[in-house]
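Single-structure report; data block below.
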Amino acid sequence: MVFGDRTMHGKMMGTSLTITEIMRFTDRFYQDTEVISITTDEGVHRSTYGKVFKRSNQVAHALLHLGVQPGDRVATLAWNDHRHMELYYGISCSGAVLHTINPRLFPEQLVYIINHAEDRIIFLDPMFLPLMETLADKLPSVKAYVVLTGGEKMPDRKLLPIHCYESLLSDQDLTYEWPELDETTASALCYTSGTTGNPKGVLYDHRSTVLHAYAACMPNVLGLSHDDVVLPVVPMFHVNAWGTPYACPIAGAKLVLPGPKMADGESLHALIEGEGVIIALGVPTVWFALLAYLKESGKAVKTLNRTIVGGSACPVSMMEEFEEQHSVYTHHAWGMTEMSPLGSVNRLLPGMGSLNASERNEVRAKQGRAPFGVDMKIVDDDSNELPQDGVAFGDLKVRGWWVADGYFRQDDNSDTHDGDGWFSTGDVATIDQYGYLNITDRTKDVIKSGGEWISSIELENLAVAHPDVAEAAVIGIKHEKWGERPLLVIVATEGVVPDETGILSLFKGKVSDWCIPDSITQVDEIPHTATGKISKKTLREQFANYSFG
Ligand code: ADP
């Protein structure tokens with residue numbers, strides 16, 4: 001029903017939802033809460049939200065000095081540390097757009113995205129100077145480079161014009177008159193890794209960022225409070241470290257930023273123990289590394305209470321190892337760049353306490369339920385909505401306050417966005433009657449055997465539960481009779497000759513017989529994308545001529 005001009009408007013303040021408000025709030029209520037970083041130039045660095053935000057004021061002055069205008073894209077090629085955090089707030093709150101760049105992208109992709117974004121300034125970790133020196137002459141929009149280090153550590157400079165971050169900041173005023181931004185002002189830009197075609201830019205705004213951070217704090221989402229110590233082992237250069245640089249300040253949680261030590265079990269253990277980390281977030285690969293280190297060294301993670309695992313499917317065997325060996329509870333989560341990224345988090349419903357271990361694991365293996373703010377549905381090839389019964393599977397579509405409604409500088413979004421405001425995630429999923437989402441595959445990775453679909457994710461999760469398997473990937477191989485059949489590609493546990501029959505027998509009774517891989521093949525390494533996911537595309541190319549014999 002449309003009320004037209006008979007609508008009665010409320011008499012409430014229309015204050016804009018901006019990242020500046022997060023900064024103001026946290027600076028007032030949690031200015032002494034710590035922000036700990038591992039830096040590439042100074043080792044461990046101890047700061048506080050108060051100090052970080054003071055320096056964000058200096059960043060804003062420095063940007064003016066460098067000629068940055070509102071709306072200009074200012075890029076970072078940086079690890080998770082306090083300087084990156086200073087830039088997160090300094091750039092976005094001054095009205096410019098923080099473009100976080102993933103240094104793991106191929107050089108030609110880096111050139112593409114920097115030119116596509118027309119970045120004006122690039123703030124970079126000293127580690128990435130050699131890389132940028134090889135690319136600089138292909139980047140006409142970049143007017144200056146700023147190296148994230150202090151004067152005495154400033155490396156030999158070939159890039160021009162180049163500045164030292166600490167020297168640039170040292171002369172700047174500690175207070176800045178922040179503009180009162182409209183809440184739909186663009187705040188940050190992040191490109192998807194572009195496994196097919198060119199990377200696409202997702203342009204977040206202040207409103208979506210604040211709402212996402214608000215939701216992330218909620219008890220059934222990440223459940224953050226000022227009693228927490230949070231370690232995001234997810235990079236600030238990809239989807240804003242899952243929103244933790246915004247959510248932790250709102251919650252007043254202590255933030256521990258691991259710098260370049262993102263997948264090194266020993267360093268992660270030292271950080272967790274040293275800083276009393278309670279909640280850690282990351283992709284499964286990171287936790288494989290930590291768990292392997294804990295096993296090998298016999299060490300414990302005494303303060304760690306919860307891990308939030310997403311980005312790729314989290315195997316149940318990992319959840320069990322965390323819980324049984326280390327009393328750490330794992331929440332499986334799902335999201336994507338276009339969703340800022342939180343799409344779902346797995347928490348058991350109150351009535352589920354009575355489930356037996358295997359029923360419980362079945363629920364926990366799923367990617368969880370959508371938080372308030374995200375709406376989801378599954379559809380068939382003709383866009384008809386499918387039942388949410390845990391059995392029917394189809395293309396997953398989402399909509400909500402922190403879901404992108406298009407891509408930066410791309411006029412036609414009809415491939416991904418329908419006319420009714422839904423975004424096609426490119427994932428295939430089931431949703432059960434309780435709302436738990438279960439991702440079976442990326443649309444482009446599904447294996448179709450004799451007209452039936454086989455979930456590669458389910459098979460991979462089962463395979464890594466075998467002690468001989470360090471990593472597993474399942475791809476479809478062309479088959480004369482069935483169209484495609486699954487091939488299990490594994491990396492064996494170090495020093496082990498894998499027991500292939502034993503591994504295959506693991507699937508018996510857990511999946512239908514026709515889903516069991518036809519064969520196993522061993523490789524030294526499984527290829528990964530720039531965001532740490534298994535690159536099925538590369539694997540399929542590698543095994544293009546494979547036949548089951
Ligand atoms: P990229 O730039 O590599 O696409 P994203 O972070 O946007 O990076 O990737 C999002 C995709 O990652 C999702 O669409 C989904 O396929 C996959 N993904 C994320 N979390 C999970 C999960 N818990 N289980 C399975 N797949 C996941």
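The values are calculated or read from the model by the stated rules, or taken from the named source; none is laboratory data. For clarity, every value in this text was computed on a predicted model and none was experimentally measured. Glycine gets a Cβ as well: all are built from the backbone with ideal geometry, and neighbour counts include every protein chain shown.
Report the residue count in region 321-371 for those that are over 25 Å from Lys302 (Cα atoms) and within 16 Å of the ligand (Cβ to nearest atom). The qualifying residues number 19.
Can you name the residue in region 444-482 that is among the β-branched types (Val, Ile, Thr) and under 18 Å from Glu541 (Cβ atoms) and, of all such residues, is farthest from the ligand (Cβ to nearest atom)? Explain how you work it out, then say what you get.
Of all residues in region 444-482, those among the β-branched types (Val, Ile, Thr) come to 446-447, 454, 457, 464, 469, 474-475, 477.
Imposing the further condition that a residue be under 18 Å from Glu541 (Cβ atoms) reduces the set to 446-447, 474-475, 477.
On the way: Val446: 11, Ile447: 15, Val474: 13, Ile475: 15, Ile477: 21 Å.
Only one residue fits best here, namely Ile477.
Per the conditions (1) more than 22 Å from Trp242 (Cα to Cα); (2) buried (at least 23 other Cβ atoms within 10 Å of the Cβ), the sole criterion not satisfied by Asn115 is (2).
Restricted to region 413-430, and to residues there that are over 20 Å from the mean Cα position of the chain (by Cα) and not in a loop (DSSP other than H, G, I, E, B), the residue that is nearest to the ligand (Cβ to nearest atom) is Thr430. In the set Leu139, Leu110, Leu131, only one residue is of a type in the set (A, V, I, L, M, F, W, C), crowded, with 23+ Cβ neighbours inside 10 Å and under 20 Å from Pro199 (Cα atoms); that residue is Leu110.
Output yes when any residue across region 445-462 is modelled with pLDDT of 95 or more and loosely packed, with under 15 Cβ neighbours inside 10 Å, and no when none is. The answer is no, given that none of the residues of region 445-462 is modelled with pLDDT of 95 or more and loosely packed, with under 15 Cβ neighbours inside 10 Å. On the phi < 0 side of the Ramachandran plot, surrounded by fewer than 21 Cβ atoms within 10 Å (Cβ to Cβ) and within 15 Å of the ligand (Cβ to nearest atom): is that true of Thr285 in this structure? So Thr285 fits the description; yes.
Within the set Thr48, Thr33, Thr39, the sole residue that is farther than 25 Å from Leu131 by Cβ and either among the small types (Gly, Ala, Ser) or touching a residue at least 60 places away in the same chain (Cβ under 8 Å) (or both) turns out to be Thr33.
Where in region 445-549 are there strands (runs of 3 or more DSSP E), lying wholly inside it, with at least 2 residues that are at negative phi and out of contact with any helix residue (DSSP H, G or I) (no Cβ under 9 Å at 6 or more places or on another chain)?
On the way: elements: 447-449, 452-454, 469-479, 483-492, 519-522.
Correct list: 469-479, 483-492.
May I ask you to say which residue of Thr531, Thr538, Thr493 is buried (at least 17 other Cβ atoms within 10 Å of the Cβ) and among the polar types (S, T, N, Q)? Only one candidate passes the filter, namely Thr531. Report the residue count in region 374-388 for those that are surrounded by fewer than 20 Cβ atoms within 10 Å (Cβ to Cβ) and under 26 Å from Leu222 (Cα atoms). Qualifying residue count for the region: 3.
Selection over region 288-324 of residues that are surrounded by 18 or more Cβ atoms within 10 Å (Cβ to Cβ) and in a loop (DSSP other than H, G, I, E, B) gives a count of 8. Screening Ser94 with (1) crowded, with 24+ Cβ neighbours inside 10 Å; (2) within 24 Å of Val44 (Cα to Cα) gives one miss only, at (2).
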